[in-house]
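Before any comments, here is the structure.
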Amino acid sequence: MKILLAVDGSAFTKRMLAYLAAHDEWLGDKHQYTVLNSVAPVPARAASVIDRETLKGYYAETSEAVFKPIRAFFKKQGIEAEYVGKVGHASDVIAKTADAGGYDLLVMGSHGHGTLGNLVMGSVATKVLSACRTPVLLIR
């Protein structure tokens, strides 16, 4: 199975990894994993005065800070994964990557704010569910 893991380095990412580790059917060498991190874009006015290489370095370093503990987790499990950092709004990046990549499953952690919280703050998970054709496993 081709699985996309959307990660942000939060406690909800750690909870998602713990869930995967506790369920043999989701974690193992029979699956192909891609770990995706979305970095919010630097505002256009600020980006216009920063040299491109510096900006690219910032985006890469930000994703790598999220990937570092996940790399250690997968190494401990003896599992290979591909790591992809993209720039953009998280819900858009996750949904587009899942659909374009032909993934069988998208797994992501959710804050679990509930209906009122989603109404007030919005929810990446809710937006992904509405925009993505790939099956989604939300871990709370």
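Values quoted throughout were computed directly from the atomic coordinates according to the rules given, and no laboratory measurement underlies them. The structure presented is a predicted model; accordingly, all values stated were derived computationally and were not measured. Reconstructed Cβ throughout: ideal geometry from the backbone, glycine too, with neighbour counts over all protein chains shown.
Along Cα→Cβ, 7 Å out, is where each label goes; now give me the distance between the ones at Leu105 and Asp51 in nm to one decimal.
So the label points at Leu105 and Asp51 sit 4.6 nm apart.
Return the sequence-ordered ³J(HN,Hα) values of the range 72-78 in whole Hz as given by the Karplus equation 6.51 cos²θ - 1.76 cosθ + 1.60 applied to θ = phi - 60°, using x for Gly and Pro.
5, 4, 5, 4, 4, 7, x
So what is the relative contact order for the chain, in percent, with contacts set as C-alpha pairs under 8 Å and at least six apart?
Relative contact order, the chain: 35 percent.
If amide H atoms are built 1.01 Å from N in the plane of the peptide, which residues on other chains or at least 5 residues away come under 5 Å of the amide H of Val136?
Leu106
Too long at a 25 Å Cα-Cα cut-off: which of Lys30/Lys56; Lys30/Lys127; Lys76/Lys127; Lys2/Lys56; Lys75/Lys96; Lys56/Lys96?
Over 25 Å Cα-Cα: Lys30/Lys56; Lys30/Lys127; Lys76/Lys127; Lys2/Lys56; Lys75/Lys96.
Within the range 9-24, name every residue whose backbone N is under 12 Å away from a label modeled 7 Å from Cα of Ile79 along the Cβ vector.
Inside the label zone: 16-24.
In debye, nearest 20, what is the charge dipole magnitude of the range 2-139 about its Cα centre with +1 on Lys and Arg Cβ and -1 on Asp and Glu Cβ, if you could check?
For this selection, approximately 180 debye.
Which residue, chosen from Ala72, Tyr83, Val124, occupies the Cα position most advanced towards the positive end of the dipole of the chain, where the dipole is computed from +1 (Lys, Arg) and -1 (Asp, Glu) charges on Cβ about the Cα centre?
Result: Val124.
Spelling out what I want: for every residue of the range 48-59, take phi, set θ = phi - 60°, compute 6.51 cos²θ - 1.76 cosθ + 1.60 (Karplus), and round to whole Hz; glycine and proline get x.
Residue by residue, the range 48-59 yields 5, 9, 9, 5, 4, 5, 5, 5, 4, x, 4, 4 Hz.
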